[in-house]
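Report on the following structure.
A short reminder: the numbers here are calculations on the coordinates, not readings from a lab. Values in this document were obtained by computation on a predicted structure and should not be read as measured data. Because the Cβ atoms are built from the backbone with ideal geometry, glycine has one as well, and the counts that use them run over all protein chains shown.
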Amino acid sequence: MTTTDVRPARRAGLWRRGLVLAALALLSGLVMALHARIPNACTSDAGTPISPCHDRLGNVGSLVETVLPWFGLVIPVVLVGALVRRSASALVALLLPITVWLSLFGGLLGDRSHPGGDLTVASHNVSADNPDPAGTARALAASGADVLALEEIDPQVRGVYERELATAYPFHVAQGTVGLWSRLPLSDVRPVDVAMDSTRALRATVATERGPLAVYVAHLGSVRIFPINGFWTADRDAGAQALAAAVRAEPVERVVVLGDLNGTLDDRALDDLSSQTTSVQVAAGDGLGFTWPTPFPVARIDQILVRGVQPDAAWSLPATGSDHLPVAARISW
């Protein structure tokens, strides 16, 4: 074989090697780009949860959307493999997942906060199994939040939170497993039906110097990752729809929603709520802001959403005895 024959063969080999890597890159890019088209087997076309659901695939669309940012891990894996294999096809295929990931999440990589803020709000799923509720309460009181929402309060230790937070927050209300503590007066307090047997959401008006602020505290139903019928979200989905309806009907112009929504804002189940509010993390956070589980957060399921106010900064507070990180935000009129 002549030298002129060898060179084209080598070039052809660059494209033939690493085809599996190229396919993996293309598949990850297509999943991210077309995630909204992946069906939820346990949800009707109208978005209503189907219960009981006997499909073992469960709500696979919601599952993919919950971990959607992590599909970006395919990029460095394929890149290293492509360089080792000297695969031109894999390198070119990487352009798809890189482009899609950056379009979805690239804007969340930097610090989007800015000075200002008339009010600081915070939210924390304190966990019913928290071994140190008193320490958790003291840490939250030291955060400087003007309005503090707690979820998953064990009724047996509610008095601990009330006692430890009393000095910092003269006004508070607790219903079921959720509560709201405030430095400012509270009124118009009522439970919010989020399709659960117990009270897991409430609504209150906070009296500020600039007028009323409607605050919702919610702990939506748990998402089951490994039930017998697959990824299961029926309670959460029904609660998300009920909460969205309550917020939509809210007559007060300025609204803050605080709580553990058991879902990321990429999850279609929260579309109705997120379409009428702004995520403080997206608007004014630093990075993706994952909150759960505490040892190695992989998803942001603890949310602060606002309407009619300006998010100025959003951040996570230090870990407590809970399996969730607390979240906080500064907002202004």
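Taking Cα atoms only, the orientation of helix 19-33 departs from the longest principal axis of the chain by about 30 degrees.
Put simply, the amide H of Asp312, placed in the peptide plane, has neighbours under 5 Å in Arg330, Ile331, Ser332, leaving out anything fewer than 5 places away on its chain. For the chain, the share of DSSP beta bridges that are antiparallel, to the nearest 5, is 80%.
Taking only Cα atoms, what is the 0 to 90° angle, nearest 10, from helix 74-85's long axis to the longest principal axis of the chain? The angle comes out at about 20 degrees.
With K and R counted +1 and D and E -1, the other residues having a Cβ less than 15 Å from that of Tyr216 yield a net charge of -2.
The 3J(HN,Hα) values that the Karplus relation (6.51, -1.76, 1.60; θ = phi - 60°) gives for segment 158-174 are, in residue order, 4, x, 5, 5, 4, 5, 6, 9, 4, 5, 6, 10, x, 10, 7, 9, 9 Hz. Gly and Pro appear as x. Sequence-ordered 3J(HN,Hα) estimates for segment 255-261 from the Karplus curve with 6.51, -1.76 and 1.60 and θ = phi - 60° stand at 9, 10, 10, 10, x, 8, 8 Hz, glycine and proline given as x.
For Arg200, the residues whose modelled amide H falls within less than 5 Å of its own, excluding neighbours fewer than 5 places apart on the same chain, are Val194. In nm, give the distance between the simple-model label positions of Ala142 and Asp272, each being 7 Å from the Cα along the Cα-to-Cβ direction. Reported label-point gap for Ala142 and Asp272 is 4.2 nm.
When the helices in the chain are scored as -39500 (n - 2.57) per DSSP H run of 4 or longer and the sum is shared across all residues, what 222 nm value do you end up with, to the nearest 500 deg cm²/dmol? Provide the component values of the computation, followed by the final result.
Numbers: 11 runs with 106 residues, N = 333.
-9000 deg cm²/dmol, from helical runs alone.
The DSSP beta bridges internal to segment 183-270 are antiparallel in roughly 70% of cases. A simple charge model with +1 on the Cβ of Lys and Arg, -1 on the Cβ of Asp and Glu and nothing else charged puts the dipole of the chain at about 1560 debye relative to its Cα centre. From largest to smallest, the equivalent ellipsoid semi-axes obtained for the chain from the alpha-carbon gyration tensor read 44, 22, 18 Å.
Couplings 3J(HN,Hα) for segment 206-216, derived from phi with the Karplus relation 6.51 cos²θ - 1.76 cosθ + 1.60 (θ = phi - 60°), are 9, 8, 9, 5, 9, x, x, 10, 7, 10, 10 Hz, where x marks Gly and Pro. In the chain, Cα pairs under 8 Å separated by at least six residues give a relative contact order of 19 percent.
Distance between the modelled labels on Val77 and Leu27, one decimal in nanometres: 0.9 nm (7 Å Cα→Cβ projection).
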